[in-house]
Amino acid sequence: MYYVALKMLIGDKVKFLGLVLGVAFSTLLVAQQASIFVGVLELSAAIIRGNPHIDVWVMRRGVRTISLPEQMPETWLDRVRGMPGVEWAMPLYRGAATVRAANDELRMVEIMGVDDATLIGAPAVMLYGPPDALSVPDSVVPDISTFKNLRPDLTIGPESIGTELEINKRRVTVSGICLAPKSITGGDVLYTKRSLAIRLTQEANNTVSVIMVKAKAGKDHQQLADELSQLVGLTAVTRAGFEKRVIGWTVDNTGIVQVLGSVILLGLTVGVLVVGQTFYMFGIENQRYFAALKALGTSNGTLMGMVALQSQLVAFLGYGIGIGLTTVLLSLGDTPTSPMRGLNISAPVLYATAIFMPAMVLVTAWFGTRKVLTAEPAIVFKA
């Protein structure tokens, strides 16, 4: 009987192809947009994930993301360092400045200033230049996409080391090119020592955006964060807590849920309508054959099994094509200099789609062919 079900399904090649492509297109929309949604949320906390050795992050009260910090005075760093349970505490500065590109265009660049002595907070992945490239006086380490935007006239490579940039009318030297944690805004970013970053951004007084804290061995991270939060004007959160804080800010303030959620809903709607309508027409056109099988003694349970087999074959093929296209499209965009860098197929999305799409096809197929179960065997004898 199941062989007959497959022959019925594949016999009409046009409808079979329509079913498979409908599921594939729905899977493509859902998987791609859901992966971008997850990827954007992960990018919003990229700088936290890029510093896994930091146990506690300290900032001013009310700050929810490092993208919008409220600067703190230098003396607050000493307050944190003097707390029991703190192994060390290092400042991280985030500011902005204008850079003159090769074509004389002015571009706004995010400047990350790391501790001058230890370089804690520097990018972990150096593409060109030594690991301690920031030790070079009056030097900066731009992200590879930033360097491409600022100097499109140059070939990116070891020969790029030594290139001069003009930032806020100051000359600096490129001592390395890195693969920096990608910002959610996708803007240009470069790293330098905090002392130089302050001069480039012309920051007058408050020179600390966040404080990165390493807890002493055996010290509970949450307990240390609670103790640091008791300092006047400060909020301290663990690494995991800061990730949730940043992702929550992204969801609340960027509209990403509404934008990408509507596209995901569109993909589900397309899948339901296309598959449901096609299976409905499939059931109507093959009602006589199902009725003949009932006249021969086939039970409703067997007929339901036949419909389930047909729907799951369509789901399997459509899901495979859709996920394959999603992987290809996201992989093509996930290059070091692409604006879509870091947005790739997400494992949770992959698994969730693998469960949801076959279930959706099965339900729509059942609604589309439910007349099969109520078909009268005598219909096979009607003209």
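The values are calculated or read from the model by the stated rules, or taken from the named source; none is laboratory data. All values derive from a computational prediction rather than experimental measurement. Cβ atoms come from the backbone with ideal geometry, glycine included; neighbour counts cover every protein chain shown.
Of the residues screened, Thr146 is not one that is part of a strand (DSSP E or B), within 16 Å of Val99 (Cα to Cα) and of a type in the set (Val, Ile, Thr). Out of Gln277, Gln310, Gln223, one residue alone is exposed (fewer than 14 other Cβ atoms within 10 Å of the Cβ) and in a helix (DSSP H, G or I). It is Gln223. Against the conditions (1) surrounded by fewer than 22 Cβ atoms within 10 Å (Cβ to Cβ); (2) at pLDDT 90 or above; (3) on the phi < 0 side of the Ramachandran plot, Leu119 satisfies every one except (3). Which residue is modelled with the highest pLDDT, if the candidates are limited to region 16-71 and must be outside any helix (DSSP H, G or I) and among the hydroxyl-bearing types (Ser, Thr, Tyr)? Among residues in region 16-71 that are outside any helix (DSSP H, G or I) and among the hydroxyl-bearing types (Ser, Thr, Tyr), the one modelled with the highest pLDDT is Thr65. Pairing each residue of region 201-229 that is within 14 Å of Arg81 (Cβ to Cβ) with any residue that is among the β-branched types (Val, Ile, Thr) and part of a helix (DSSP H, G or I), provided the two are 6+ apart or on different chains, yields C-beta distances under 8 Å for Ile211/Val80; Val213/Val80; Leu228/Val80. Name the single residue, out of those in region 204-216 being surrounded by fewer than 19 Cβ atoms within 10 Å (Cβ to Cβ) and touching a strand residue (DSSP E or B) at 6+ places or on another chain (Cβ under 8 Å), that is nearest to Ala96 (Cα to Cα). So the residue we want is Asn206. Are any of the residues in region 87-106 free of Cβ contacts under 8 Å to residues at least 12 places away in the same chain and either hydroxyl-bearing (Ser, Thr, Tyr) or within 22 Å of Pro69 (Cβ to Cβ) (or both)? No; the residues of region 87-106 include none that is free of Cβ contacts under 8 Å to residues at least 12 places away in the same chain and either hydroxyl-bearing (Ser, Thr, Tyr) or within 22 Å of Pro69 (Cβ to Cβ) (or both).
Return a yes/no flag: does region 172-180 have any residue that is modelled with pLDDT under 90 and under 30 Å from the mean Cα position of the chain (by Cα). Yes, region 172-180 has at least one match. Would you check if Ile284 is part of a helix (DSSP H, G or I), in contact (Cβ under 8 Å) with a residue 24 or more places away in the chain and under 18 Å from Glu42 (Cβ atoms)? In short, no. Summed over region 164-198, the residues that are more than 28 Å from Glu42 (Cβ to Cβ) and surrounded by fewer than 18 Cβ atoms within 10 Å (Cβ to Cβ) give a count of 8. You will find that of Pro142, Pro131, Pro123, Pro84, the residue that is of a type outside the set (Asp, Glu), in contact with an Asp or Glu (Cβ under 9 Å, 6 or more places away or on another chain), assigned by TED's automatic domain parsing to the domain that holds Gly50 and closer than 17 Å to His53 by Cβ is Pro123 and no other. Candidates are the residues of region 17-39 that are in contact (Cβ under 8 Å) with a residue 24 or more places away in the chain and surrounded by fewer than 20 Cβ atoms within 10 Å (Cβ to Cβ); the one that is nearest to Val307 (Cα to Cα) is Gly18.
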